[in-house]
Every structure is written in C-alpha cells, then in structure tokens.
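Everything on this sheet refers to the single structure shown next.
The values are calculated or read from the model by the stated rules, or taken from the named source; none is laboratory data. In this text the structure is predicted, and so the values were computed from the model without any measurement. Note that each Cβ is placed from the backbone with ideal geometry, even for glycine, and that neighbours are counted across all protein chains shown. Note: accessible area is taken over every heavy atom of the protein model, side chains too, but ligands, DNA and RNA are not part of it. Shrake-Rupley method; radii C 1.70, N 1.55, O 1.52, S 1.80 Å.
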Amino acid sequence: MKLIIRTFFSILILLYGTNCANQSQPTGGPKDETAPKLLSTVPQNGQVNYKGKVVALTFDEDIITANAKQQLVITPLIDQEYTIKYKKRTAQVILSEPLKENTTYTFNFREAIKDITEGNVPENLKIAFSTGSYLDSLHISGNITSLFTTAPEKEVTIALYKAKDTLDVFNSPPLYLTTSAEDGSYLIENIKNDDYLLYAYGDSNKNLKLEVSSESYGFIADTLSLTKNIDSLNIALQNLDISTFKLQSARTNSHYYILKFNKYVMDYTLSTSGVDTLYSQLYNNNKAIRIYNTLPIRDSLAMYITASDSIQQTIQDTLYLQFEKSERKKEAFKSNVSNGQLRESGTQTTAKATITFSKPIIAFREDSIYIEVDSLRSIFLAKDKGFSWNENYTELTLDTALEASLFAPVIDTVEIRPRPKLLFAATSFQSADGEPSIAMSSDLPFVNEENFSKIDNAIIDTEEEHYILQLIESKTEKVVREYIDPTVINAARLRPGSYRIRILVDSNGNGRWDPGNMYDRIMAEPILFYQNEEGQEEIVLRENWEISDIQIKF
C-alpha cells in the first residue's frame with residue numbers, strides 16, 4: 001500500500017514539473033533586435049496580370065499581426081470585405097472577390113506585421129502589383145507641417161481624389177492615401193496618370209473622411225495633372241471649423257436675450273434704431289451672445305445683427321429684441337486684477353494693470369481708483385486718464401505714466417522702499433445688470449527696465465504691400481507684440497527668453513490675415529517665419545540684452 005502511495009505522488013510531481021516546463025519561456029541570450037526578413041510574396045512585387053484573391057507574405061521567422069486592418073493601407077481603396085490571417089511565418093490577405101481589372105494596387109502593411117518574440121517591425125513593408133498588363137509608377141511626395149508653427153505633423157492622412165469625381169474629402173474615402181511619418185514626410189506611389197485633388201487631414205476617428213468641425217486640414221488648391229512624378233508637394237495644416245455658420249436660436253432667457261450659434265463667433269455687431277449702445281458679450285466658448293436689458297423696451301425692438309466666423313462666413317439678420325421679467329437669480333458679478341506692475345525708466349514710472357469683469361460695465365467712477373504708495377501717500381489717477389476699454393466693456397487696461405519721484409523711498413535712519421497697491425473703492429463700477437463692484441486691491445511691484453530685453457531697429461525688407469508681423473514667445477506661442485505693415489520694428493520691455501517672428505501676409509489688403517476657404521478651394525494667405533543667415537528662427541534675448549539692426553526679408 002505504501003509503495004502504491006509513493007508511486008502516485010511521484011507521478012503527480014513529475015506531471016507538475018512537466019507542465020511548468022511547458023509554460024515557461026526560454027531565458028538568456030542576446031535580445032532579438034532584428035526585424036523579420038521578407039523572403040517571398042504572392043503576387044511578386046511588380047507583377048502584372050495577377051488575377052488571384054490572396055496576397056501572401058512569407059518571412060524568415062515566426063510572425064504575428066497587430067491591428068492589421070487598421071495598419072494595412074490598400075490603394076486604390078477597395079470596397080470589398082477581406083480577412084487577414086497569419087500562421088507561423090506567413091501572413092495572408094484573403095479577398096472576398098477578385099480585384100478590379102487593369103488596375104495597379106499597393107498593399108502597404110506599415111506596422112501590421114511583427115516578429116513573435118520582441119515585436120520588431122519590418123521597415124517599409126509594402127508590395128505593388130497590377131491586375132492588368134501595365135504597372136502604374138507615378139508618385140507624389142512632400143511634407144506636412146503646422147501652418148502656424150511650421151512643426152512637422154505626424155500620422156496625418158494624405159488623400160488623393162479624382163478631380164472630376166463627385167466623391168470628395170467631405171463625403172467619401174479617397175482613391176489613394178497614405179499617412180505622414182514622424183518627421184511629417186509622406187509618399188504615395190504607383191499612381192495612375194490622371195487629374196487629382198490633394199488633401200491632408202488629421203483623421204482622428206479613422207473614418208477616412210474630413211470632419212470639418214473638429215479635424216485639422218490642409219490642401220493643394222490647384223488640380224494635379226499627374227503625368228510625371230511630383231515632389232515637394234508640401235501642405236500646411238490648420239485647425240479651423242469650416243462647417244456652415246448658423247444662428248441656431250434667438251430668444252429671451254431669464255434676464256437676457258440670447259443668440260446661440262453652431263460654432264465660434266469671430267466678430268459681431270448689433271444695432272437698433274435710435275439706441276446708441278447695446279450692452280452684450282460673447283460667452284459659452286464664443287458660441288453665444290448675451291444681450292443685457294438696459295433699454296426701456298415695453299414690447300419689442302428691431303435689432304440688426306451681423307456676425308462672422310473664422311473663415312468669414314457671415315450671418316445678417318433682423319431680430320426683435322424683447323425681455324421678460326424673471327425671478328431667477330442673476331449670475332454673480334465678478335472682477336479680477338492682473339498683470340499689475342510699476343515699470344521704472346529714468347525719471348518716469350508707468351503704472352500698468354488689466355481689470356477684467358464677468359459682465360459689461362455701464363458706469364465707471366474714475367475718481368475712486370488710486371495707487372496707495374504707503375499709509376500716508378496716495379495717487380489718484382482720474383486726471384491722468386490712462387484708461388482704455390475693450391469693445392464690449394468687459395476689460396479695462398490701465399497704462400498711466402507718473403513721475404518717479406512720487407514713489408521715492410521714505411528716508412529716516414534707513415531707506416524704506418514703498419510697496420504700492422492699486423485700489424478700487426466699492427461701487428467703482430456698475431455692471432449691465434445694475435450690480436456695483438466690490439472693493440479691489442492689487443500689489444504693484446516695481447519692475448526695472450534693466451530686467452528686460454529689446455529688439456532695436458529691425459528693418460523690414462519686402463515687396464509685399466500689406467502684412468501683419470507678430471513677435472511670439474517660443475515656449476508658450478503667445479503673441480507679445482503685433483504690428484500692421486511696419487517698415488521698422490522696435491520692441492522694448494521684452495522678457496528674457498526665446499522668440500520667433502511670424503509674418504502673416506495680407507495678400508488681398510483687407511487689413512487681416514484670411515484662413516482661406518476649403519469649399520471654394522481658396523488657399524490660406526501665406527504665413528512665414530523670420531530666419532537669420534544661419535537659417536535659425538529662434539531669437540534668444542537675455543536680461544538687459546539688445547539685438548539691433550537685423551533684417552527681416554520676405
């Protein structure tokens with residue numbers, strides 16, 4: 001009996017050890033960094049008159065597929081079903097029906113196939129063949145970049161459509177396509193001689209169509225008559241909602257009259273007969289206009305509206321403005337002071353600050369705004385008139401030059417530097433809802449001009465008549481200075497850092513840069529960047545640093 005029990009346990013231990021051995025992976029040895037080598041294909045690369053329904057690739061080692069249908073790009077695009085299978089060293093694309101006759105096809109597998117051990121991907125894995133007697137061999141290539149930064153754009157879909165076809169980027173997948181590489185470059189090969197339209201777009205939902213309200217895009221305006229290879233077809237992308245601009249609703253809502261739009265409102269004007277000012281503001285991410293009840297309206301009042309979006313689509317309409325009594329609580333009236341400082345330069349000190357409000361301001365008491373130098377000295381700003389409002393009276397900018405002696409230190413046994421504050425007494429402002437502001441204060445730290453940098457006497461050399469020049473912080477891409485049609489640039493009080501100079505060419509001379517219109521195949525107006533003699537765009541400014549006599553040529 002004991003012998004039987006010992007034998008039973010011995011068999012169990014042997015089986016357990018065998019199972020563990022079967023489940024373990026071999027260890028040791030160098031890491032496999034070699035991608036699978038393609039040994040053969042069916043059909044062969046460049047083969048003509050292929051009539052089969054299977055495309056097969058055989059490698060020198062075992063492979064697996066990964067997101068194969070998402071990775072495989074077949075051009076021209078096919079509309080039939082197919083499956084992708086792999087077994088050991090072979091991968092197969094199995095078509096449900098024969099391919100179209102007398103057509104050159106390219107199967108680009110991108111990263112669909114990897115080795116089974118380390119996931120190494122064969123480089124540039126694609127084959128081209130023809131179902132007819134001739135292999136199309138034309139190609140186009142170029143680079144995809146961001147229009148506003150010139151940075152390369154990767155994983156962008158580049159699409160070719162027949163010029164005379166009713167199918168286009170808005171409603172159908174393309175005939176030929178590829179995606180841009182890490183460096184923004186692209187290549188479409190084995191294209192048939194014909195006339196095409198070329199687009200590029202960030203196909204985030206992978207449906208091979210441009211979503212005009214959410215995806216970045218670019219295009220070549222001219223029709224490509226493809227009779228020879230074309231290189232350097234570079235496309236710059238912009239992210240702009242180009243859907244049709246619509247006024248969705250216009251109605252009374254609580255205390256306000258609200259206009260709602262389907263997209264971002266770039267600019268608008270409101271007017272009524274016999275009324276000087278309508279107080280309004282954009283809100284809800286600039287997709288709505290709120291109009292305040294500051295008019296003695298008993299019934300309704302005709303109001304004329306003109307609104308435009310970012311591609312200059314314009315809405316013009318006549319609406320009837322009316323308000324209703326409401327017991328609903330109004331939104332809180334808020335205010336904020338930012339960017340407060342005292343800039344020192346010689347005998348002059350400039351007080352600067354920005355005051356923003358959550359609602360338009362209809363009344364403003366200048367005599368209640370002052371700088372408290374210390375407990376004994378205050379400077380009232382009413383006489384200096386250093387105030388400016390934005391168009392909708394929701395932002396007030398203070399920029400007042402004062403004598404530096406007003407901020408002289410109090411001298412006793414020690415010199416004590418004052419710590420000024422900008423103060424706003426309660427009720428200094430009244431909102432369009434009739435609410436008074438609360439008291440506000442903000443520190444005004446001294447900032448010495450020596451802490452800044454400047455660009456002096458930058459000469460513009462161009463044959464362009466109209467343009468907008470922008471000085472941009474490289475890190476934040478924030479526009480810190482903007483000039484219209486300058487001939488010389490002098491930019492003082494720049495914070496130390498790295499900058500770029502962007503030029504927006506106003507080709508049509510309408511006083512602004514236009515982003516073009518994809519529907520009408522009108523290209524965006526040119527955007528250029530200044531480069532020095534070494535081809536560098538960055539301008540590096542250090543503290544108390546000056547760069548002078550540079551030439552901005554375009």
Item to complete: Report the residues of the range 436-451 in range of a label on Leu406: point 7 Å along Cα→C-beta, backbone N strictly under 20 Å from it.
Response: 440-449
Item to complete: Can you list which of the GluC sites (Glu not before Pro) found in the range 297-404 are DSSP loop residues with at most 12 other C-beta atoms within 10 Å?
Response: Glu324, Glu327, Glu391
Discussion item. Explain nothing, just compute: Karplus ³J(HN,Hα) = 6.51 cos²θ - 1.76 cosθ + 1.60, θ = phi - 60°, for every residue of the range 504-520 in order, whole Hz, x for Gly and Pro.
Written reply: 9, 7, 9, 4, 8, x, 8, x, 8, 8, 10, x, x, 8, 5, 4, 8
Fill in: Eligible lysines near Lys454 by straight Cα distance, threshold 30 Å, same-chain separation 8 or greater
Lys352, Lys385, Lys421, Lys475, Lys478, Lys553
Worksheet item: What is the gain in length, in nm to one decimal, between Gln70 and Ser243 on full extension, counting 0.36 nm per residue of separation less the C-alpha to C-alpha distance?
Response: 59.5 nm
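Taking the Cβ-Cβ separation of Tyr134 and Glu534 as r and a Förster radius of 45 Å, what is the calculated FRET efficiency to the nearest 0.05? Write down the numbers at each step before the final one.
Working: r = 48 Å, r/R0 = 1.07.
After rounding to 0.05, the efficiency reads 0.40.
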Worksheet item: When ligands, DNA and RNA are left out and all protein chains stay put, how many square angstrom of accessible area per residue does the range 99-230 have with a 1.4 Å probe?
Response: 46
Worksheet item: Distance from the Cα centre of the range 125-181 to that of the range 80-98, in angstrom?
Response: 24
Practice prompt. Once you have a ≥ b ≥ c as the square roots of the Cα gyration tensor eigenvalues for the range 267-312, tell me rounded if a/c is under 1.5, and otherwise prolate or oblate according to whether a/b is larger than b/c.
Written response: prolate
Discussion item. Which trypsin sites (Lys or Arg not before Pro) in the range 273-364 sit in a loop by DSSP (not H, G, I, E or B) and have at most 13 other Cβ atoms within 10 Å of their own Cβ?
Written reply: Arg298, Lys325, Arg328, Lys329, Lys334
Discussion item. Taking 2.2 N^0.38 Å as the expected size of a compact globular protein, what ratio does the Cα radius of gyration of the range 299-451 give against it, to two decimals?
Written reply: 1.39
Worksheet item: If Phe129, Phe148 are ordered by their accessible area, calculated over protein heavy atoms with a 1.4 Å probe, which sequence runs from highest to lowest?
Response: Phe148, Phe129
Worksheet, complete the sentence: Here the Cα Rg-to-2.2 N^0.38 Å ratio for the chain is 1.40
Fill in: Residue-normalised accessible area of the range 475-554, given per residue in Å² at a 1.4 Å probe
61
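Multiply the residue gap between Ser225 and Glu211 by 0.36 nm, knock off their C-alpha separation, and tell me the result in nm, one decimal place. Don't skip to the end; give the middle numbers.
Details: separation 14, 0.36 × 14 = 5.04 nm, distance 2.67 nm.
Taking 0.36 nm per residue and subtracting the Cα distance, the gain is 2.4 nm.
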Worksheet, complete the sentence: Restricting to aspartates and glutamates and to Cα separations under 14 Å from Lys329, and discarding same-chain partners fewer than 8 apart, the set is Asp433, Glu435
Worksheet entry | Cα centroid separation - the range 442-513 against the range 275-347, whole Å | 30
Item to complete: List every residue whose amide H lies under 5 Å from the amide H of Ser310, counting only residues 5 or more places away in sequence or on a different chain, with H placed 1.01 Å from N in the peptide plane.
Response: Met266
Worksheet item: For the pair Asn508 and Asp456, how long in nm is the line joining their label points, each one 7 Å along Cα→Cβ?
Response: 4.2
Discussion item. When a/c reaches 1.5 or more, the comparison of a/b and b/c decides; with that in mind, is the range 109-183 rounded, prolate or oblate per its Cα gyration tensor?
Written reply: oblate
Worksheet entry | Three-way shape call for the range 367-463 based on the alpha-carbon gyration tensor, with the a/c threshold at 1.5 | oblate
Worksheet item: Using mean Cβ contacts within 10 Å as the protection proxy, how do 543-549, 121-127, 101-107 order, highest first?
Response: 101-107, 121-127, 543-549
Item to complete: Past 18 Å, Cα to Cα, is the threshold; run Lys209/Lys246; Lys88/Lys206; Lys31/Lys114; Lys263/Lys359 against it and keep the listed order.
Response: Lys209/Lys246; Lys88/Lys206; Lys263/Lys359
Item to complete: Report the FRET efficiency, 1/(1 + (r/R0)^6), for Phe380 and Asp443, where r is their Cβ-Cβ distance and R0 is 25 Å, rounded to 0.05.
Response: 0.85
Worksheet entry | Loop-located trypsin sites (Lys or Arg not before Pro) in the range 188-250 whose Cβ has at most 15 other Cβ within 10 Å (DSSP) | Lys206, Lys228, Lys246
Worksheet, complete the sentence: Looking only at lysines whose Cα falls under 21 Å of Lys192's and that sit 8 or more positions away or on another chain, we get Lys51, Lys100, Lys126, Lys162, Lys164, Lys228
Item to complete: Could you order peptides 131-141, 428-438 by the average number of other Cβ atoms within 10 Å of their residues, highest first?
Response: 428-438, 131-141
Discussion item. With a cut-off of 8 Å between alpha carbons and a minimum separation of six or more residues, what is the relative contact order of the range 458-554 in percent?
Written reply: 34
Worksheet, complete the sentence: For the Val54, Gln312 Cβ pair and Förster radius 45 Å, calculated FRET efficiency rounded to 0.05 is 0.30
Fill in: Solvent-accessible area, 1.4 Å probe, carbon plus sulfur percent, for the chain
47
